[in-house]
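Engineer: Sending over a structure as structure tokens; questions will come in a sec.
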Amino acid sequence: MKTHVTVAVTGLNATDNPGPGVPVIRALRESTHLSDLRIVGLVYEHLEPGIFMRHLVDKVYTLPLPSLGTDALLARLQYIHERENIDVLIPNYDAELPNFIHLQERLSRMGINTLLPSSDQFERRQKYQLPELAQQVDVATPATATARTLAELGHALARTGYPAMIKGRFYEAYLARSYEEALGWFYKLTAKWGVPVIVQQHIQGTELNVTALGDGTGRLIGAVPTRKTYITNMGKGWAGVAIEDDEIIELTRRIVRELKWPGGMEVELLRDQRDDTLYLIELNPRFPAWVYFAHGCGQNHPEALVRIAMGQQVEPFDDYHKGKMFVRYSWDMVCDLKDFEKISTTGEL
């Protein structure tokens, strides 16, 4: 394997709704296998906090918004690659993944390695296809329907009943206890993320999450299950604890095997407080924002992803530290205004 490795990472938005980029980089910086590492940050906004974390990121470039399409993205990546010679690229936002998936063969020909699903794999784990996948991997899932129109919203709510979760195509989920509440969330989410909106039966129970990594052949390379112990008003886990749960690990293994999933994944689950039934809620097609915790538990998933993407044989992790916990926090960085001016005007820092 190359001794000098350049990894490009998106998702540097470390705010109250954080992206996975900064924790991915933190895990890579503490790698035991990647000793000579250069990190290139790729951003969409000029105030993504990771831009200014000079101890983590060596160089930053802006990217065109995903809505501008693959041609604009490819042109920008060609420019960056000419200057940085990127070895591995790790996208970390749901909304950008379709563009990167579409370009992954061309990126490979350029010498940029990725570990991304195909379009078919990406679609099979979409929220509106979850019931079919859940049946294939033998797990319960809440009643789920999609809505593109107000008529479809009414039909979906008649199927799920109240309360119901109203979810955006890529992000955000809100609890609706009435049709009026559901209608408000429908308008909010379609304006921001487009259609369809997903309507899902609300299950009262304990929220559980798994950060996982597949190698693309059906092998589960790593998985660390957690229970959220503090949840913000935005529904984000701000603290959690690693748990021992063989049922969850085995379910994650079946999901990765069924999809032959390549790359990071977050499995979102609920355990019903009434009868202890485990429900599959969502499958996010990238690392979660708490992926650094997996490294803290003994499984460095970002490091393993880079090694797999570069063609190295990586053996599955066989254990993790149970009982570890994480607590997320925020802090103020003091930065030079000239750095903000430079990234804003030149698109580089």
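Engineer: Among all residue pairs at least 6 apart or on different chains, which show Cβ distances below 7 Å where the first residue, located in the range 192-204, is more than 20 Å from THR277 (Cβ to Cβ) and modelled with pLDDT of 90 or more and the second is in a helix (DSSP H, G or I) and basic (Lys, Arg)?
Structural biologist: Hits for this filter: ILE198/LYS127.
Engineer: Oh, and also: Pick from the range 222-243 the residues that are farther than 28 Å from ASP275 by Cβ and within 17 Å of the chain's Cα centre (by Cα): which of them is surrounded by the fewest Cβ atoms within 10 Å (Cβ to Cβ)?
Structural biologist: Applying the filter and picking the extreme gives MET234.
Engineer: Could you tell me which residue of the range 309-349 is nearest to TYR230 (Cα to Cα), considering only residues that are assigned to a loop (DSSP other than H, G, I, E, B) and charged (D, E, K, R)?
Structural biologist: If we take residues in the range 309-349 being assigned to a loop (DSSP other than H, G, I, E, B) and charged (D, E, K, R), then ARG328 is nearest to TYR230 (Cα to Cα).
Engineer: Let me ask you something else. Does ARG257 satisfy the condition of being of a type in the set (D, E, K, R) and either crowded, with 16+ Cβ neighbours inside 10 Å or modelled with pLDDT under 95 (or both)?
Structural biologist: no
Engineer: Going through the range 214-241 one residue at a time, which ones are part of a strand (DSSP E or B) and under 23 Å from THR15 (Cα atoms)?
Structural biologist: Selection gives THR226, ARG227, LYS228, THR229, TYR230, ILE231, GLY237, TRP238, ALA239, GLY240, VAL241.
Engineer: Please state which one of ALA294, ALA191, ALA304 is assigned to a helix (DSSP H, G or I) and in the same structural domain as GLY168 (by TED's automatic domain parsing).
Structural biologist: Going through ALA294, ALA191, ALA304 in turn, the sole match is ALA191.
Engineer: Whether any residue in the range 158-177 is under 20 Å from the mean Cα position of the chain (by Cα), assigned to a strand (DSSP E or B), touching a residue at least 40 places away in the same chain (Cβ under 8 Å) and surrounded by fewer than 20 Cβ atoms within 10 Å (Cβ to Cβ) is what I want to check.
Structural biologist: Checking the range 158-177: at least one residue is under 20 Å from the mean Cα position of the chain (by Cα), assigned to a strand (DSSP E or B), touching a residue at least 40 places away in the same chain (Cβ under 8 Å) and surrounded by fewer than 20 Cβ atoms within 10 Å (Cβ to Cβ).
Engineer: Go through the range 252-286 and give me each residue that's more than 15 Å from GLU207 (Cβ to Cβ), out of contact with any Lys or Arg (no Cβ under 7 Å at 6 or more places or on another chain) and either β-branched (Val, Ile, Thr) or not in a strand (DSSP E or B) (or both).
Structural biologist: Listed by number, the residues that qualify are THR252, ARG253, ARG254, ILE255, VAL256, ARG257, GLU258, LYS260, TRP261, ARG274, ASP275, ARG286.
Engineer: Select, from GLU82, GLU96, the only residue that is of a type in the set (Asp, Glu), assigned to a helix (DSSP H, G or I) and surrounded by 13 or more Cβ atoms within 10 Å (Cβ to Cβ).
Structural biologist: It is GLU96.
Engineer: If LYS127 satisfies all but one of (1) at pLDDT 95 or above; (2) surrounded by 17 or more Cβ atoms within 10 Å (Cβ to Cβ), what's the number of the condition it fails?
Structural biologist: Single failed check for LYS127: (1).
The values are calculated or read from the model by the stated rules, or taken from the named source; none is laboratory data. Please read these numbers as outputs of a predicted model, since none were measured by experiment. When we count neighbours, we look across all protein chains shown, and the Cβ atoms used for this are built from the backbone with ideal geometry, even at glycine.
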